[in-house]
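Enquirer: The structure is given below, and queries will be raised subsequently.
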Amino acid sequence: MYNFMLALAIGALAFVAGEVISSLTKAWIPSVFISAVIMLLGYWTVFPHDLVSDANLIPFGSTVCCYLMVAHMGTVISLKQLLEQWKTIIICLAGLAGMCIFSMILCPILIDRSFVIVGLPPLTGGLVAATLMQSAAEAKGMTEAAVFAIAMYCVQGFAGYPLTSICLQLEGKKMLKHFRENKQAVVAASREVDTTNGNLIAASEKKLFPPIPDRFNSIVMILAKLAIVGWMATMLATIPVPVIGSISGLVWVLVLAVIFTRLGLLDENSLNKSNSYGIVMFSIMMYIFDGLKDCTPEMLGNIVIPMVTLIVIGVLGMAIFCFVISKILHTPFLLSFATGLTALYGFPPNAIITESTCEALSETPEEKEYLMGQMFAPMIVGGFVTVTITSVIIAGVFANLL
């Protein structure tokens, strides 16, 4: 009875369960957290090991969808917003520094030093960092340490999801209170936005290129334009940058999408306009949850104490450094800490948690627009700074410490 359609249905039901519980709790319990728990328990009991692959969502979710989604993010963030996020970059770097410093000083007192070395890069980032550390540990014959690196990647989100949700909830309530008390002044000072689609790009921005007539700008045409931008990003990713080295195609596609949307070559809010946002996001999240399939109860039982120790001390170091730098830069601490916490899960959970929080807190489309305008860009940029860029650099350094 089991086939690719049943595999797709199982994954979809796990995803929907997370959305329902998140809605009922007004996003205090993030949807990605619930879905991840269901998938993990399912893998331990009745779910097939290759559920996501059986549903044919890999490599679709891990390749095409990632580029389409990041390009879409560029179509809902203006160039001005992106340039304004220099404070977010500094905050995230400071948070990662605090995580590494605290962990390297305190953790070796409590747990094996090899666990600290292989666990920190995945904690500061995602799959690429975890894979690098796994390979480095296996090359040294450190089997348990190699398992620890992947396990850290698999479960770090369970700490990051609820912490981020709490930070955004508390900060969002403060922002809404300010908005409601000073609504006229805030609206007058802010840019005009599209209240139908949640588009963060100013409606008054003039485009260099005229829009394609609606009768030609079909769903497939919108997706084709995103795909072309994605292809250009993959080409740029092959060109080394002095000092930095190669830059991920996902970083390039975000930058290109912001520029091309400003020029008028890409549609604002592209995936929503093409009615493709839901299936693309679902496919990406199933790819993310696929990483839980190899995390067995025995694996967690053997390394749970070192893992919890590293996460607690690392996150504490991040919180302290984010607090200090937020005071220096005069930014809200809770939002600053939330952007740093994107290191524990990256994209797309950062987008999902932010949007679901704004949806849960707001009572009107106007309030949601305001919250998204304050939170969305920092959270997206934070995810790229921590997971896509910095964590890979950290992994390269730490691999040589084994």
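Enquirer: Based on what the data block shows, is Gly301 assigned to a helix (DSSP H, G or I), small (Gly, Ala, Ser) and surrounded by fewer than 15 Cβ atoms within 10 Å (Cβ to Cβ)?
Expert: Here the answer is yes, as Gly301 does meet what is asked.
Enquirer: Continuing with this model, one more query. Scanning segment 287-298 for residues that are assigned to a helix (DSSP H, G or I) and in contact with a helix residue (DSSP H, G or I) (Cβ under 9 Å, 6 or more places away or on another chain), which turns out nearest to Ile109 (Cα to Cα)?
Expert: So the residue we want is Pro297.
Enquirer: Moving on. For segment 317-333, indicate whether the set of residues that are under 13 Å from the mean Cα position of the chain (by Cα) and part of a helix (DSSP H, G or I) is non-empty.
Expert: Initially, segment 317-333 is screened for residues under 13 Å from the mean Cα position of the chain (by Cα), giving none.
No, there is no match, as no residue in segment 317-333 is under 13 Å from the mean Cα position of the chain (by Cα) and part of a helix (DSSP H, G or I).
Enquirer: Still on this model: All but one of (1) modelled with pLDDT of 90 or more; (2) assigned to a helix (DSSP H, G or I); (3) surrounded by fewer than 24 Cβ atoms within 10 Å (Cβ to Cβ); (4) not hydrophobic (A, V, I, L, M, F, W, C) hold for Asn56; state the number of the condition that does not hold.
Expert: Going through (1) modelled with pLDDT of 90 or more; (2) assigned to a helix (DSSP H, G or I); (3) surrounded by fewer than 24 Cβ atoms within 10 Å (Cβ to Cβ); (4) not hydrophobic (A, V, I, L, M, F, W, C) one by one, Asn56 breaks only (2).
Enquirer: Right, something else. State whether the residues of segment 275-283 include one that is within 26 Å of Cys154 (Cβ to Cβ), buried (at least 22 other Cβ atoms within 10 Å of the Cβ) and at pLDDT below 90.
Expert: The answer is no, given that none of the residues of segment 275-283 is within 26 Å of Cys154 (Cβ to Cβ), buried (at least 22 other Cβ atoms within 10 Å of the Cβ) and at pLDDT below 90.
Enquirer: Return the residue satisfying two criteria in turn: it lies in segment 365-402 and is out of contact with any Ser or Thr (no Cβ under 9 Å at 6 or more places or on another chain) and assigned to a loop (DSSP other than H, G, I, E, B), and of such residues it is modelled with the lowest pLDDT.
Expert: Result: Asn400.
Enquirer: Let me ask something additional. Could you tell me whether any residue of segment 114-134 is polar (S, T, N, Q), closer than 18 Å to Ile313 by Cβ and surrounded by fewer than 24 Cβ atoms within 10 Å (Cβ to Cβ)?
Expert: Among the residues of segment 114-134, at least one is polar (S, T, N, Q), closer than 18 Å to Ile313 by Cβ and surrounded by fewer than 24 Cβ atoms within 10 Å (Cβ to Cβ), which makes the answer yes.
Enquirer: Are there any pairs with C-beta distances below 9 angstrom linking a residue in segment 13-33 that is of a type in the set (A, V, I, L, M) to a residue that is not in a helix (DSSP H, G or I), with the two at least 6 apart or on different chains, and if so which?
Expert: Partner pairs satisfying both residue conditions: Ala14/Phe47; Ile21/Ile29; Val32/Tyr345; Val32/Pro348.
Enquirer: Right, here's the next one. Output yes when any residue across segment 10-31 is surrounded by 17 or more Cβ atoms within 10 Å (Cβ to Cβ), under 20 Å from Met379 (Cβ atoms) and touching a Gly at 6+ places or on another chain (Cβ under 7 Å), and no when none is.
Expert: The answer is yes, given that some residue of segment 10-31 is surrounded by 17 or more Cβ atoms within 10 Å (Cβ to Cβ), under 20 Å from Met379 (Cβ atoms) and touching a Gly at 6+ places or on another chain (Cβ under 7 Å).
Enquirer: Could you list all residues from segment 34-46 that are touching a residue at least 60 places away in the same chain (Cβ under 8 Å) and either within 16 Å of Thr354 (Cα to Cα) or crowded, with 19+ Cβ neighbours inside 10 Å (or both)? Reasoning before the result, please.
Expert: Taking segment 34-46 as the starting set, the residues that turn out to be touching a residue at least 60 places away in the same chain (Cβ under 8 Å) are 35-37, 39-40, 43-44.
Listed by number, the residues that qualify are Ser35, Ala36, Met39, Leu40, Tyr43.
Enquirer: Does Thr364 count as within 20 Å of the chain's Cα centre (by Cα) and among the polar types (S, T, N, Q)?
Expert: no
The values are calculated or read from the model by the stated rules, or taken from the named source; none is laboratory data. None of the values given here were measured: they were computed from a predicted structure. Positions of Cβ are backbone-derived with ideal geometry, glycine not excepted, and every protein chain shown enters the neighbour counts.
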